[in-house]
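Written below as structure tokens is the structure these notes are about.
What follows is calculated from the coordinates using simple rules that are stated; it is not laboratory data. Small disclaimer: the values here were computed from a predicted structure and weren't measured. Methodologically, a virtual Cβ is constructed for each residue, glycine included, from the backbone with ideal geometry; neighbour enumeration extends over all protein chains shown.
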């Protein structure tokens with residue numbers, strides 16, 4: 001994993017300050033004593049929330065001086081309510097190990113991690129550590145005995161006690177508030193845009209410095225105020241109104257919460273306030289992509305507008321929260337696919353929503369079982385234990401008014417337990433549930449059953465006529481959908497596991513916007529590619545097992561190129577490449593198979609609107625004639641060369657695309673010079 005370089009400060013002094021601090025940290029990593037050098041050392045960055053600890057750690061992580069020093073570099077965001085198994089899995093993945101086969105048991109996860117790191121000089125950054133248990137109880141044992149001498153652990157924390165218990169090297173590196181000029185440069189950077197002149201903003205520096213003083217020099221508060229000022233306007237009066245706002249001195253809010261965030265919150269329209277507060281309910285130990293967040297907002301009724309444009313409107317809300325610096329994009333994902341919310345902002349949002357939402361952690365389960373407990377509209381349940389077991393369905397029965405139920409731990413249900421108790425339930429996003437009870441919740445708009453062992457769905461699934469979003473991520477035992485699924489006329493998203501087949505009649509689901517895991521199954525009474533023809537509203541399309549398509553005519557009838565709203569296209573064949581990078585079958589791939597798959601892919605030409613194309617497992621000798629611009633081809637074992645004809649298309653058919661990636665092409669021989677036209681080309 002490569003954490004992106006620290007965002008550039010608006011002045012050279014800001015960059016120099018970061019450079020000086022990072023060099024001081026690096027001095028701890030090459031001690032003069034050989035005895036010190038033989039042991040792995042912990043170095044700590046300490047400071048209050050939103051002071052810039054993560055920014056400094058990123059600077060160190062990406063410093064040129066250490067790029068060649070460590071054979072393994074791992075960045076790990078820990079957070080207050082970390083999940084031990086998830087933490088271990090993430091470290092294993094970042095270390096290049098196999099997390100999937102390790103399961104959830106701590107012993108097997110430890111073995112997998114040791115195998116990935118043994119003998120490697122390792123840099124581990126643990127960002128936002130609240131409890132020394134993340135190190136002592138989870139990561140220390142599998143790391144210290146296997147990593148090479150000179151390995152280092154860098155932590156960021158608000159609590160000196162955490163650094164002390166982790167035996168971090170003294171003295172710790174304390175991060176102080178920004179100097180006024182650096183803070184002003186940061187504020188100005190947030191406010192500037194193509195519509196706002198820098199000279200004009202510079203004339204407002206006197207007011208800006210007073211606003212910065214009220215922010216306490218905290219970088220996060222300065223950034224949030226920059227987002228607010230950018231929205232308010234560029235006149236002196238606009239800035240003075242922010243400076244003199246009475247909300248700076250409100251007394252009802254706990255002192256530890258951010259007044260800058262409060263000002264930004266009060267400036268938002270009602271619909272955006274709802275979306276912002278709802279975002280704070282999402283468990284921190286999971287990744288939520290933009291389209292998943294928007295689906296939750298739509299299901300709650302927060303996105304208002306024409307039914308045809310709800311996803312687009314929701315994405316605009318999402319971008320507005322980014323623009324206001326209330327959520328921050330994960331730079332590992334393009335186009336803001338995933339964001340995170342800073343703990344300081346999350347604490348504020350959860351305080352504002354405390355009367356209608358309950359965020360349940362391990363020690364709070366009793367709050368649900370107490371018959372006199374407050375009644376909430378939304379429940380978010382997460383745990384930080386490795387094997388937390390589950391919670392009993394009866395413990396939730398008192399919350400009859402709940403509209404949203406999100407849980408990252410299993411909920412134990414009996415056949416007699418009913419969902420009908422929750423007459424207003426709109427959103428069910430959980431790890432496990434008895435699906436027979438689902439159809440009793442007639443008002444459900446959103447159902448996500450994740451990583452469950454369900455193998456069959458109720459035959460009367462269509463009773464949930466209002467259902468719009470349906471996800472079965474990781475439900476590997478689910479093979480067949482009931483015939484009634486094709487009667488869910490309002491369905492906008494369907495996410496299926498790879499073995500699942502769809503019954504005929506799918507062509508009636510014309511409201512579909514996102515289709516994940518559509519299996520090209522050609523036998524029996526199952527849906528084939530030609531039933532995709534009427535689905536003209538698709539924005540995202542993932543087709544799998546395309547090697548099963550018996551004739552190109554099925555692909556032709558899908559009319560992929562006529563779906564003018566399509567943005568993302570994923571085309572998968574079951575890979576014929578083994579772990580060694582070679583074709584699995586001894587006899588290889590027949591010429592007839594290659595020609596058939598080439599014709600099928602030629603007929604799956606996306607429309608000009610497409611921005612991203614990913615092809616995996618393709619085994620034709622020639623790439624599709626339409627392939628230009630941003631495409632990623634993974635595991636294409638039979639392709640030997642790409643000729644100039646590959647680029648001979650009329651007027652660049654995909655004008656929004658700029659990158660191509662060709663991976664695991666084991667027969668690759670040459671790359672034509674004409675392919676240099678791409679802004680980014682990756683080939684191996």
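Tabulated values for the structure
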{"item": "Relative contact order [Cα under 8 Å, 6+ residues apart], the stretch 270-351, whole percent", "result": "32"}
{"item": "Residue 200-residue 179 FRET efficiency (beta carbon distance; Förster radius 25 Å; 0.05 resolution)", "result": "0.55"}
{"item": "Highest to lowest packing among 610-616, 504-510, scored as the average C-beta count within 10 Å", "result": "610-616, 504-510"}
{"item": "Which of 322, 212 has the fewest Cβ neighbours within 10 Å, and the rest in rising order", "result": "322, 212"}
{"item": "Relative contact order [Cα under 8 Å, 6+ residues apart], the stretch 445-500, whole percent", "result": "41"}
{"item": "Peptides ranked, highest mean first, by Cβ atoms within 10 Å: ranges 528-541, 56-69", "result": "528-541, 56-69"}
{"item": "Simple label model, 7 Å out from Cα along Cβ direction - residue 591 to residue 104, nm", "result": "5.3"}
{"item": "Cα→Cβ-extended label distance, 7 Å offset, between residue 487 and residue 507, nm", "result": "2.0"}
{"item": "Inverse of mean 1/r across different Cα pairs in the stretch 270-351, Kirkwood, Å", "result": "12.8"}
{"item": "Stretchable slack from residue 287 to residue 614, in nm (0.36 nm times residue separation minus alpha-carbon distance)", "result": "115.6 nm"}
